[in-house]
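Asks: Before we start, here is the structure in question, set down as structure tokens.
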């Protein structure tokens with residue numbers, strides 16, 4: 001029974017272990033057994049540090065494709081970038097801007113008003129004090145050069161001025177508090193208006209100069225007669241005896257009772273200037289004890305008080321020159337002091353320069 005024999009033979013084979021097992025690949029395709037796990041997918045990419053890698057064709061793992069520059073491995077674009085996409089950096093004082101692909105950079109110099117490039121690729125006026133030059137400071141919050149950032153950055157060489165750092169980085173100078181000591185020896189005071197002065201009140205002055213002159217804040221001997229001794233008056237901030245007391249006190253130029261000087265005024269001072277005669281229109285306006293009123297023939301021109309030679313021991317003469325500064329004297333004889341008689345009064349001189357017949361005491 002061949003059919004039975006054949007069946008028996010097949011059964012034997014199935015029961016035995018002599019039949020070869022299916023291959024793994026055949027089993028994975030036929031659905032029998034477990035397929036090996038994939039290490040990656042075809043056309044997948046990764047960055048291992050700065051190394052760009054792609055998946056092997058059999059998906060068993062990744063292989064290295066390219067070593068990129070630090071930080072420039074671009075897995076999404078499957079490439080090594082030249083620069084970080086859409087970011088900027090500095091190259092000296094130029095800004096390098098990367099495009100969106102990471103493959104191209106554009107270089108642009110910083111403008112003159114903002115000539116320096118920062119680490120984040122921005123052009124600014126300064127990055128540190130050295131960028132601002134002398135006497136300037138860099139405000140790092142705004143990257144702008146300013147005059148100051150703190151009070152110590154401001155200074156002034158003026159007495160009675162205080163400098164401080166104000167808004168916008170500008171130094172502000174204000175008056176020092178009143179009565180602050182100032183000057184080389186710190187012996188003066190700062191006034192309300194910022195001047196270094198000797199005094200602000202009488203209490204600031206020494207005994208020798210006890211009054212504070214409010215006009216210039218200087219210590220003087222007096223500002224009113226009440227600050228002088230009895231019989232004295234305050235003249236030009238100095239105490240002096242009354243004019244005509246017979247003494248040449250300090251600050252006097254003359255005194256009529258001791259100098260016999262017809263040119264000494266009521267303040268005991270010589271009236272200065274060329275041809276300094278007191279104007280008059282009648283003899284009574286002169287010092288009739290020593291001088292008289294000399295009139296010009298031109299009635300529109302006032303006369304002047306001149307020494308009377310008769311009263312001063314001189315001689316009477318009508319020999320005075322016909323012209324004096326272009327004007328004629330009157331026809332009447334006029335007493336003039338002759339230099340032959342004695343010494344001329346102060347501020348006159350012995351002269352014949354004006355054409356007199358004899359030397360006369362004439363104005364200097």
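Asks: Between a first residue in region 83-95 that is at positive phi and a second residue that is modelled with pLDDT of 90 or more and assigned to a strand (DSSP E or B), which pairs have beta carbons less than 9 Å apart while being 6 or more apart in sequence or on different chains?
Replies: 86/97; 86/98; 92/109; 92/117
Asks: Let me ask something additional. For region 215-236, which positions are outside any loop (DSSP other than H, G, I, E, B) and either under 45 Å from the mean Cα position of the chain (by Cα) or under 24 Å from residue 187 (Cα atoms) (or both)?
Replies: Result: 218, 219, 220, 225, 227, 234, 235.
Asks: Checking residue 135 against (1) at positive phi; (2) within 20 Å of the chain's Cα centre (by Cα); (3) modelled with pLDDT of 90 or more: exactly one of these is not met. Which one?
Replies: Residue 135 satisfies all of (1) at positive phi; (2) within 20 Å of the chain's Cα centre (by Cα); (3) modelled with pLDDT of 90 or more except (3).
Asks: Inside region 120-161, can you point out the residues that are within 25 Å of residue 176 (Cα to Cα) and not in a loop (DSSP other than H, G, I, E, B)? Lay out the reasoning, then the answer.
Replies: Keep residues of region 120-161 that are within 25 Å of residue 176 (Cα to Cα), which gives 135-136, 146-161.
Selection gives 146, 151, 152, 153, 161.
Asks: Within region 109-119, is there a residue that is closer than 30 Å to residue 132 by Cα, at pLDDT below 90 and assigned to a loop (DSSP other than H, G, I, E, B)?
Replies: Checked against the condition, which is being closer than 30 Å to residue 132 by Cα, at pLDDT below 90 and assigned to a loop (DSSP other than H, G, I, E, B), region 109-119 yields at least one hit.
Asks: When you scan region 167-187, how many residues do you find that are in contact (Cβ under 8 Å) with a residue 12 or more places away in the chain and out of contact with any helix residue (DSSP H, G or I) (no Cβ under 8 Å at 6 or more places or on another chain)?
Replies: Within region 167-187, residues that are in contact (Cβ under 8 Å) with a residue 12 or more places away in the chain and out of contact with any helix residue (DSSP H, G or I) (no Cβ under 8 Å at 6 or more places or on another chain) number 14.
Asks: Only one of these conditions is not met by residue 88: (1) within 30 Å of residue 144 (Cα to Cα); (2) surrounded by fewer than 14 Cβ atoms within 10 Å (Cβ to Cβ). Which number is it?
Replies: Answer for residue 88: the failing condition is (2).
Asks: Out of region 53-75, which residues are over 17 Å from residue 85 (Cα atoms) and surrounded by 14 or more Cβ atoms within 10 Å (Cβ to Cβ)?
Replies: 53, 54, 55, 59, 62, 65, listed by residue number.
The values are calculated or read from the model by the stated rules, or taken from the named source; none is laboratory data. Keep in mind the model is a prediction, meaning the values are calculated, not measured. Neighbour counts are summed over all protein chains in view; Cβ atoms, including those assigned to glycine, are modelled from backbone coordinates with ideal geometry.
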